[in-house]
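Some notes on the structure that comes next.
Where a number appears in this text, it was derived from the coordinates with a stated rule and is not lab data. Every value quoted in this text rests on a predicted model; they were computed, and no experiment measured them. Methodologically, a virtual Cβ is constructed for each residue, glycine included, from the backbone with ideal geometry; neighbour enumeration extends over all protein chains shown.
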Amino acid sequence: MRKKISAVIVGIGVTCVSLLSTGGAGAHGYTDAPTSRQQFCANGTVRDCGEIQWEPQSVEGPKGFPASGPADGTLCAGGNSRFAELDDPRGGQWPATDLAAGRPADFRWRLTARHATTDFRYYLTNDRYDPARPLTRAGLDPQPFLTVPYNGRTPDATVTHQGTIPAGRTGKQLVLAVWTVADTGNAFYACSDVRLS
């Protein structure tokens, strides 16, 4: 009887260690400044969001953007069909954060599971962007307006970067933030609707 109990205890211990190590290995995060679509879904500001309302940190897709990565029209969901609601433009009615073009702004990530990082990149839509249509590469500037290299370091649980929104943009635009993980084939994606003045 004692051998059976010992075997059960050892089995439970191995299972717990396995779960903890697996759970800690995956990187997860989202932007909350400017507020991302997944954050608006998670806090209940936007309804009918599907699974993303419970997993705002899980918008993970293939890295390599813009040369590779998620397909056009699926960028806000990171190419992940589970979170397709993030790619729905909702007729251009996503809530937007007011920012000033040509002025500095803070871009903040909440990392619920940290990971070795290549960099964080921030892209802004261009004059071909239509807020009533899903986001495509053609609707984004090809170069990020802000790149923060990490060279394989692990970021803190909250990361804030300051960058300047390109001048000359007005109206409803979108910031695509990309957190590229160094030691997996994936990156995390977050779309934040903004209103520029």
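Quick look at the numbers
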item: Pair R133, T158: separation of 7 Å Cα→Cβ label points (nm); result: 3.9
item: Normalised contact order of the chain, rounded percent, pairs of Cα under 8 Å and 6 or more residues apart; result: 27
item: In sequence order, calculated HN-Hα J values of region 47-52 (Karplus, 6.51, -1.76, 1.60; Hz; x Gly/Pro); result: 9, 6, 9, x, 5, 4
item: Cα centroid of region 34-51 to Cα centroid of region 78-125, whole Å; result: 12
item: For D119, net neighbour charge (Lys/Arg +1, Asp/Glu -1) across residues whose Cβ lies under 14 Å away; result: +2
item: 14 Å beta-carbon shell around T45, net charge (K/R +1, D/E -1); result: -1
item: Peptides ranked, highest mean first, by Cβ atoms within 10 Å: ranges 111-118, 131-138, 35-42, 55-62; result: 35-42, 55-62, 111-118, 131-138
item: Sorted peptide list for 164-175, 88-99, 69-80, criterion being average Cβ within 10 angstrom, highest first; result: 69-80, 164-175, 88-99
item: Principal axes of region 109-151: Cα extent on each, largest first, Å; result: 34, 21, 12
item: For peptides 150-160, 184-194, sequence by mean Cβ density within 10 Å, most packed first; result: 184-194, 150-160
item: Gyration tensor (Cα) of the chain, equivalent ellipsoid semi-axes in angstrom; result: 35, 18, 15
item: Around T31: net Lys/Arg minus Asp/Glu count, Cβ-Cβ under 13 Å; result: +1
item: Shape call, region 83-184: gyration tensor on alpha carbons, a/c limit 1.5; result: prolate
item: Folded to 0 to 90 degrees: helix 2-25 orientation relative to the chain principal axis, Cα; result: 20
item: Helix-only CD estimate at 222 nm, as mean residue ellipticity for the chain, using -39500 (n - 2.57) per DSSP H run (n ≥ 4); result: -5000 deg cm²/dmol
